[in-house]
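Before any comments, here is the structure.
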Amino acid sequence: MYKFYVGFLVLVIMLFIQFLFSLNPYILIIFMVLAFTYIWYVYDQHHKLQNRIENNELLNTINIKNKDANLKNKQLMTVVSSIPFPMLLMDEKGAIVIYNKHLTTFAQNKMYQNATYLHNGLPQEVQQFLKDAFILEKKLEERICIEEAEFQAISIPVLSKAKFIGCFIMFQDLTKALEGEKMQKRFIADVSHELKTPIAVIKGMLEILNRDDFDDIETQKEFLNQMEQETCRLEQMVKDMLDLSRLSIADPLLHRSKVDISLLLKDCITSLKEIADVYNVSLKTSFHTDEFVFCDPIRIRQVGMNLLMNGMKHGGNEICIETYVEGPFYIFSIHDDGEGIAKEEQTKIFDRFYRVDEARTRDKGGSGLGLAIVKSIVEAHKGKIELQSEKGKGTTFIVKLKRELN
Ligand code: ADP
């Protein structure tokens, strides 16, 4: 438009010049054509420059927006992939637009391209849930079972101006939580079973002692003795159970310091000297290192005492205690030449309340929790405990603790 205004202005100026100087009309036309062409050219250049500037600005804005969108997408993908269970985002057409790697594992790597709620390679149960979530367009929570593993499936609809524009779906693995629940139930059952016997013994004896016609002093003494023993056993069991529950948490509290384990084991031997004499067992040492270990001395002493006591209770004539270093580990082992443990029992003896010979070991006063506590302490230190044993040929418990290597 601007071009025509200027053209019109040129025409008026030319007519004015014509009026003033009465120029030859041909010269006037040539002037006018030249003036128009020049104006046209200048305007065109100006227009092109303007367009270029505008285009560049537009391109810059697009680039910035693109970078922003990429960053946001990366952030979203990082959040999505760090979610520790399968999840996906479905759009309003039922297409799976975002999903994490856990969903791919869920689909056994059979996730289809351009997957929808119907065609995606996911297990049948998951597909059904996606279909329900898409059709019902409301919050859903369901327990689904896939290959014996239980999942809590949750769908949260995404709304924009009260209109359904998709849904966020996740599958929470319940296996661990249910396993914990099962373990808790088993623990309560085990504890009740363990407590039942000494309580029944004490109750039975008290009933007899309380009879009006009971006057046997000898039996009374014997009963009181047994009741004292059973009470001590109960006390020990409760102490062990408390200990075990404290150690069973994910990161149990340890009071670590630099400890000379050889010295600590020597101290255990001194404390157990009298009991060793009763069991007629000799305690030998073979210490090959004086290295310090960063550990909880009270807990590691408990490991030493438990393993030495077991060695004496189930051992033969001699217990050998060894310390040495091997690669990244500080190792101490306790070997006895006693009854040994059969291969099939070896995986079970670290279980709570497990005793190889139920009646015999109960008589020896064990709660069946000693090795479970030992294992928990070693694992709390991020160490390992190994067992080498053969029926009738003795047992060696090997405790491996991490050395402090610089
Ligand atoms: P307890 O407190 O009853 O001794 P533990 O958990 O310490 O329970 O041990 C579990 C079982 O492992 C024991 O009942 C015993 O049968 C077996 N056991 C442990 N240490 C030895 C060993 N040194 N030799 C043979 N058997 C052992």
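Here are a few things to note about the model shown:
- From most to least packed by mean Cβ count within 10 Å, the peptides 305-318, 141-154, 83-96 give 305-318, 83-96, 141-154.
- Per-residue accessible area (protein heavy atoms, 1.4 Å probe) orders I29, I319 as I29, I319, starting from the largest.
- Check: the chain dipole with +1 on Lys, Arg Cβ and -1 on Asp, Glu Cβ, in debye: 2660 debye
- Choice from Q18, Q113, Q124 with maximal GNM fluctuation in the chain (Cα, 10 Å cutoff): Q18
- Surface composition of the chain: carbon plus sulfur atoms hold 58% of the accessible area, using a 1.4 angstrom probe and ignoring ligands, DNA and RNA.
- Furthest towards positive pole of dipole, L272, A107, C145, structure part the chain, Cβ charges: A107
- Look at the dipole of the range 275-406 built from charges on Cβ: of V303, T289, G340, the Cα furthest out on the positive end belongs to V303.
- Simple Cβ-charge dipole of the range 171-262, Lys/Arg +1 and Asp/Glu -1, about Cα centre, in debye nearest 20: 700 debye
- Here's the list of aspartates and glutamates a cross-link from K239 could span, going by alpha-carbon distance under 18 Å and ignoring same-chain residues fewer than 8 apart: D190, E194, E228, E230, D351.
- Positive-end extreme of charge dipole, the chain - chosen from L247, L234, N73 (charges on Cβ): N73
- Centre separation in Å (Cα based) which lies between the range 154-181 and the range 195-228: 60 Å
- Sites F187 and I146 - FRET efficiency at Förster radius 25 Å, r taken between beta-carbons, to 0.05: 0.35
- Based on C-alpha pairs under 8 angstrom that are at least 6 apart in sequence, the chain has a relative contact order of 9 percent.
- By the rule of a C-alpha distance below 26 Å, with chain neighbours fewer than 8 residues away ignored, the lysines paired with K284 are K258, K266, K273, K313, K364, K375, K384, K391, K393, K400, K402.
- Cα convex hull of the range 166-226, projected area averaged across orientations, nm²: 6.8 nm²
- Taken about its Cα centre, the range 143-222 carries a charge dipole of about 1120 debye when Lys and Arg each add +1 at the Cβ and Asp and Glu each add -1 at the Cβ.
- Here the calculated FRET efficiency for K72 and D132, from their Cβ-Cβ distance with R0 = 35 Å, stands at 0.70, rounded to the nearest 0.05.
- Beta-bridge orientation, the range 175-325: approximately 40 percent antiparallel, per DSSP, counting only bridges with both partners inside.
- Just so you know, the Cα atoms of the range 288-402 work out to an Rg and Dmax of 13.8, 42 Å.
- With bins 10 Å wide beginning at 0, the percent of Cα pairs of the chain falling in each bin runs 4, 14, 15, 12, 12, 12, 9, 6, 4, 3, 3, 3, 2, 1, 0, 0.
- Inter-site label distance for L59 and K391 at 7 Å from Cα along Cβ, in nm: 8.5 nm
- Solvent-accessible area per residue for the range 314-356 (1.4 angstrom probe, square angstrom): 44 Å²
The values are calculated or read from the model by the stated rules, or taken from the named source; none is laboratory data. Note that the structure is predicted; figures quoted are calculated from it, not measured. Every residue, glycine as well, gets a Cβ built from its backbone with ideal geometry; the counts of neighbours run over all protein chains shown. Just the protein is used for accessible areas: all its heavy atoms, side chains included, with ligands, DNA and RNA removed. Shrake-Rupley method; radii C 1.70, N 1.55, O 1.52, S 1.80 Å.
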